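Step one of this worksheet: look at the structure below.
The values are calculated or read from the model by the stated rules, or taken from the named source; none is laboratory data. Since the structure is predicted, the reported quantities are computational estimates derived from the model, not experimental observations. Because the Cβ atoms are built from the backbone with ideal geometry, glycine has one as well, and the counts that use them run over all protein chains shown.
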Amino acid sequence: MLLELHGPAKSRPVTAAPVPVPQGSSAAARKYGVLPMPKLEWTPAVERETAHLYKRIATVVPAVEWPFFAPYVKAINELKRKRNAVILAHNYQTPEIFNCVADIVGDSLQLAREATKVKSDIIVQCGVHFMAETSKILNPEKTVLIPDLRAGCSLAASITGEDVRLLRDQYPGVPVVAYVNTSAEVKAEVDICCTSSNAVQVVESLGAETVIFLPDQYLAKYVASQTKVKIIAWKGACEVHERFTADELRVYRDNDPNLKIIAHPECPPDVIAESDFTGSTAHMIDWVRNNKPKRIVMVTECSMADNVAAELPDVEFVRPCNLCPHMKRITLAKILDSLVYMKEEVVIDPAIAAKARRSVERMINLKN
Ligand code: 13P
Ligand code: SF4
């Protein structure tokens, strides 16, 4: 049951990194040095050496586009080896990033889990800022880079550490769960984190009658529909998922009654009610792999359908294409800049990182 909904009167802008970047963020460039920018030419040798990578995305990226991507792909893969770097990419990254340069891909929970196992000195996070912060929180000794510091998230921007402290004053003793789509400063103020993969399990793990759940009001409503725990929610929303409507899904279904619809729990409740399945991005991908529907709508960020279509060419994807503008700030050109110039380094105040680590690790250590 959803008890209360709190939040700012107006949504907050998502124009820059959610937290101020401390001075001295070019320490990585001083530590590892800057490399020469590789030549980016489309030659027969580049074509030959990248042909196996193009094969992975040939059904979703037209051949005419590959000569623009291939020189970057080759240069990034070579520089990764030279730098001993690993690229972590979220399921929403575009197919040429997700399939051709990433070492580890997944949803927020998988990326957080994998970040704890990384052996390389340098992590390049292809996703949004809170994901890069999570990697840094879990790897304080490693250098974590994000190709564009402005890759924010409307959920992370909707709440501050001060907001959490005020909620705690208002509801003394009520435990606080934060979706990982929050800044390190917010993670430092809460009892435990969750992702869309494990939100119900995390809420129930606290053994409390009532829980404060932030910042996504729709994920909170979804959790409230799946548990007896009473939920006090924050009024944040994902600017991508809140745009889907139940009406548009009904039109798709009326046109094809056999169509399958699966939705991310950041969608509004009436959208979830129209869906055959609800789950995190990784759970949605697994659902398509296991059920192999003829036609499907994935009610989530648009690039994910491209990545699943590249893997499962026999499934037809109907696409209401809502793109996340923050995820789309990450491009091959900026990933290459990251590896050449060692930018942009993710820096977190060590005291905040230590407190945030407790909340993230408590989630990761929960038994499945
Ligand atoms: P997942 O944890 O399901 O990958 O979701 C992250 C996200 O930002 C969805 O918009
Ligand atoms: Fe944030 Fe929504 Fe973009 Fe995910 S899709 S990163 S929740 S704005």
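Brief remarks on what is shown
- Subset tally (residues that are more than 13 Å from Met327 (Cβ to Cβ) and not hydroxyl-bearing (Ser, Thr, Tyr)) for segment 132-154: 11
- Any hit, segment 206-219, residues being outside any strand (DSSP E or B), farther than 28 Å from Gly173 by Cα and within 13 Å of ligand 2 (Cβ to nearest atom): no
- Among the residues of segment 5-28, just one is modelled with pLDDT of 75 or more, surrounded by 15 or more Cβ atoms within 10 Å (Cβ to Cβ) and either within 16 Å of Glu345 (Cα to Cα) or more than 27 Å from the chain's Cα centre (by Cα) (or both), namely Ala28.
- Filter pass, Leu35 being surrounded by fewer than 20 Cβ atoms within 10 Å (Cβ to Cβ), part of a loop (DSSP other than H, G, I, E, B) and not polar (S, T, N, Q): yes
- Remark: pairs (first residue in segment 244-261, among the acidic types (Asp, Glu); second residue at pLDDT 95 or above; Cβ separation under 8 Å; 6+ apart in sequence or on different chains) = Asp256/Arg295.
- Pick from segment 270-305, criterion within 17 Å of the chain's Cα centre (by Cα) and part of a loop (DSSP other than H, G, I, E, B), ranking: farthest from ligand 2 (Cβ to nearest atom): Gly279
- Hey, Leu166 hydrophobic (A, V, I, L, M, F, W, C), away from ligand 1 (no atom under 16 Å from the Cβ) and out of contact with any helix residue (DSSP H, G or I) (no Cβ under 8 Å at 6 or more places or on another chain) or not: yes
- Residue in segment 220-268 that is farthest from the chain's Cα centre (by Cα), counting only those that are over 23 Å from Leu167 (Cα atoms) and in a strand (DSSP E or B): Lys260
- When segment 172-189 is filtered for residues that are more than 15 Å from ligand 1 (Cβ to nearest atom) and either outside the structural domain of Gly207 (by TED's automatic domain parsing) or in a loop (DSSP other than H, G, I, E, B) (or both), the ones remaining, listed by number, are Pro172, Gly173, Val174, Pro175, Ala188, Glu189.
- Every residue from segment 235-258 that is away from ligand 1 (no atom under 16 Å from the Cβ) and either of a type outside the set (A, V, I, L, M) or over 14 Å from Pro320 (Cα atoms) (or both): Lys235, Thr245, Asp247, Glu248, Arg250, Tyr252, Arg253, Asp254, Asn255, Asp256, Pro257, Asn258
- Meets criteria (at pLDDT below 95, in contact with a strand residue (DSSP E or B) (Cβ under 8 Å, 6 or more places away or on another chain), buried (at least 18 other Cβ atoms within 10 Å of the Cβ) and not hydroxyl-bearing (Ser, Thr, Tyr)) for Lys260: no
- Condition met for Val211 (of a type in the set (A, V, I, L, M, F, W, C), more than 16 Å from ligand 1 (Cβ to nearest atom) and in contact with an Asp or Glu (Cβ under 6 Å, 6 or more places away or on another chain)): no
- Any hit, segment 333-347, residues being over 30 Å from Gln201 (Cα atoms), under 17 Å from the mean Cα position of the chain (by Cα) and either small (Gly, Ala, Ser) or assigned by TED's automatic domain parsing to the domain that holds Gly127 (or both): yes
- Looking only at segment 316-368, residues that are assigned to a helix (DSSP H, G or I) and acidic (Asp, Glu) come to 2 in all.
- Taking segment 294-321 as the range and being in contact with a Leu (Cβ under 8 Å, 6 or more places away or on another chain) and either polar (S, T, N, Q) or surrounded by fewer than 20 Cβ atoms within 10 Å (Cβ to Cβ) (or both) as the test, the residues that pass are Arg295, Cys302, Ser303, Val318.
- Odd one out for Pro215 among (1) touching a Gly at 6+ places or on another chain (Cβ under 8 Å); (2) more than 30 Å from Glu274 (Cα to Cα); (3) not assigned by TED's automatic domain parsing to the domain that holds Ile87: (2)
- Out of Val105, Val144, Val118, sole residue that is outside any loop (DSSP other than H, G, I, E, B) and more than 16 Å from ligand 1 (Cβ to nearest atom): Val144
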